[in-house]
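What follows draws every value from the coordinates through simple rules; no lab data is involved. Just so it is clear, the structure is predicted and the values come from calculations on it, not from any experiment. Glycine also receives a Cβ, built like all others from the backbone with ideal geometry; neighbour counts cover every protein chain displayed.
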Amino acid sequence: MLDIRRIRAEPEAVKAALARRGHDTSAIDEVVELDRSQRSTAEQRDLVRRDISNLSKQVGQLRRSGSAAESDELMARSRALGDDERTLTARADDLATEVREHLLRIANTPAPECPDGADEHANVVLRVENFDPDSYAPHQRVPHWEIGEALGILDVERGAKMSGSMFVLYRRKGAALVRALVQYALDRNADSYEEIRPPTLVRTDTMIATGHLPKFADDAYYLERDDLWAIPTAEVPLTSLARDEILDESVLPMRLMAHTSCFRREAGSAGRDTRGLLRVHEFDKVEILAYTTPEQASAAHDDILGRAEALIRDLGLAYRIVDICTGDLGSSSARTWDIEVYAPGADRWLEVSSCSWFADYQARRANIRYRPAGQKGTQLVNTLNGSALAVPRVWAALVETYRQPDGTIALPDVLAPYLRGDAIIPTA
């Protein structure tokens, strides 16, 4: 969340930054007023506490001098002030809670470098790699849901029978390809990123830390009986690995990666294309994440993008790098670059990775700090993350791109070691 001290000091600058996102900035005015009331109430409470303390000293002196009547009178005044103090304390605490609740719903301010724009149509394509629209033959222009059904490697109908719409079932080499892509991404990042296998169900505070709650509760799966949430991405548990901790600067940047299943309701997907694997409720993903100092953040962002891009490049897919504009930026993000692959059968660019820098927005929510070497006090870390590889859409692009005229799929050789040495998906 945003720093309340920054909002106090420069409310108009914060409002101008949020206006770049197209957000209603009245929430900042509300926070400023609530914060002013909270601090005023807290000051009144502190004055009353001081008066109570002074009276207590006077009562002690009067009792020692034998002035019982006067001490009783002051005791009565002290008790009355005690009632006032409790009322003011409760009011100050309530206002502090209101301030926090408002702050939790306010988006991050975009980095100055973010392109301005109202929605995804204003996103800036930085570059396009390995793409020639005229190079795709008719056999590659078949959508993956048709290919998957014909080869018996993707069973949408039975997935829906088991779990409902937008759940899918992979079979045979299709299931093996899911596992292969996961291991491929983990192996390629093992040189610098510590592998973690976090829980898939997390507490509310863990979801709040990344900004998924309270704003996006409708998009998440909640287990009311246990008060737990199914994670929408491994970003959620990885961000909370050091929640409420103080790290030594010497351990930064701290780099983590995890393969998990991810769960999303896709509540806002009404009217959007949900065929095949374009939009599903459950999917596998490898996430890479870093805690850094502010000075390390830029290099870490470049590293995350470079690693995610290298995975897609070495799979031989056509892809492009997109600079996300302010109006399409994720709520917690200060800057995001997306990687989109081209799926010739669906004839669509599909987002497969968002590489994001959050500055100290998530760290403030999660209370993740570090102790700078040779300095007093602590500072908030910066957090960054990216999808090293999100399986469904990469799976779809591979199946469509590498389909052969005879209907088989000849997957890239880089995946062969993860497919028991055989990168061909046969027709029977």
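Test of the criteria: in region 370-428, which trypsin sites (Lys or Arg not before Pro) are in a DSSP loop and have at most 14 other Cβ atoms within 10 angstrom of their Cβ? List each step's numbers first, then the result.
Numbers: sites: Lys376, Arg393, Arg403, Arg420; in loops: Lys376, Arg420.
In loop regions of region 370-428 (DSSP not H, G, I, E or B), the sparsely surrounded trypsin sites (Lys or Arg not before Pro) are Lys376, Arg420.
Please give me the summed charge of the neighbours of Glu33: other residues whose Cβ is under 12 Å from its Cβ, Lys and Arg +1, Asp and Glu -1. Mind showing how you got there, number by number?
On the way: positive: Arg8, Arg36, Arg39; negative: Asp29, Glu30, Asp35, Glu98.
Charge balance near Glu33 sits at -1.
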Please list 3J(HN,Hα) in residue order for region 168-180, calculated via the Karplus relation 6.51 cos²θ - 1.76 cosθ + 1.60 where θ = phi - 60°; whole Hz, with x for glycine and proline. 10, 10, 8, 9, 6, 5, x, 5, 5, 5, 4, 4, 4
So how far, in whole Å, is the C-alpha centre of region 16-43 from the one of region 319-378? 25
Expressed in angstrom and rounded, the centroid-to-centroid distance over alpha carbons for region 165-217 and region 81-144 is 20
Out of Leu384, Leu169, Leu256, any idea which swings most in a Gaussian network model of the chain, alpha carbons joined below 10 Å? Leu169
Read phi for every residue in region 150-162 and hand back ³J(HN,Hα) as whole Hz from Karplus 6.51 cos²θ - 1.76 cosθ + 1.60, θ = phi - 60°, with x for Gly and Pro. 5, 8, x, 10, 9, 10, 5, 5, 6, x, 5, 4, 6
So if R0 is 51 Å, what FRET efficiency would Ser165 and Asp302 give, r being the distance between their Cβ atoms, rounded to the nearest 0.05? 0.85
Among [x] 20.3, 61; [y] 20.6, 75; [z] 27.5, 108, find the value of Rg and Dmax of the Cα atoms in Å that was calculated from the structure presented, and write down its label. [z]
About the Cα centre of region 120-425, how large is the charge dipole given +1 on each Lys and Arg Cβ and -1 on each Asp and Glu Cβ? Please answer in debye to the nearest 20. 500
Can you tell me the length gained on complete extension of the stretch Glu282 to Thr204, counting 0.36 nm per residue apart and subtracting the Cα distance? 26.1 nm
From a point 7 Å beyond the Cα of Val125 in the direction of its Cβ, which residues of region 329-357 have a backbone N at a distance under 20 Å? 329, 336-355
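Work out the FRET efficiency for Ile424 and Ala19 from their Cβ-Cβ distance, taking R0 = 60 Å, and round it to the nearest 0.05. Write out the running numbers ahead of the final one.
Working: r = 54 Å, r/R0 = 0.90.
E(calc), rounded to 0.05, equals 0.65.
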In deg cm²/dmol and to the nearest 500, what is the mean residue ellipticity at 222 nm of the chain if only DSSP H runs of at least 4 residues count, each as -39500 (n - 2.57), divided by the residue total? -13000 deg cm²/dmol
Using a cut-off of 24 Å between alpha-carbon atoms, which lysines can reach Lys15, once sequence neighbours fewer than 8 places away in the same chain are excluded? Lys215
Once amide hydrogens are built 1.01 Å from N within the peptide plane, the residues lying 5 or more places from Arg348 or on another chain with amide H under 5 Å from its amide H are Ala343
The chain - percent relative contact order, Cα under 8 Å, separation 6 or more: 20
For the chain, whose charge dipole is built from +1 on Lys and Arg Cβ atoms and -1 on Asp and Glu Cβ atoms, the candidate among Met257, Leu154, Ala185 with its Cα farthest towards the positive end is Met257
